[in-house]
Amino acid sequence: LARSVQHTAVRQAHRKYEPDFHDKYGNLVLLGGAAVFSVVWGYALTQIGIEWGFSPVGRVTPKEWRE
């Protein structure tokens, strides 16, 4: 068993390496995803009109007390 595993390992080690999809396009896909992520979040954070001040101090005025 050990000898057959060793033979298989040697055969695979000497096989000509063929690049697969990830070898060819992996970095390109990663950079494309990062670019889309950045553009979408950049738009969302600057254009949607999110109000960033979460504190109500100075904006909320108390109602008059009714008896």
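The values are calculated or read from the model by the stated rules, or taken from the named source; none is laboratory data. Just so you know, these numbers come straight off a predicted model, no measurement behind them. So basically every Cβ, Gly included, is an ideal-geometry build from the backbone, and we count neighbours across all protein chains shown.
Observations
- For first residues located in segment 43-67 and at pLDDT 75 or above, partners that are loosely packed, with under 10 Cβ neighbours inside 10 Å and lie 6+ apart or on another chain with Cβ distances below 9 Å form the pairs ALA44/ILE50.
- Output for segment 21-67, where each listed residue is loosely packed, with under 10 Cβ neighbours inside 10 Å, in a helix (DSSP H, G or I) and hydroxyl-bearing (Ser, Thr, Tyr): THR46
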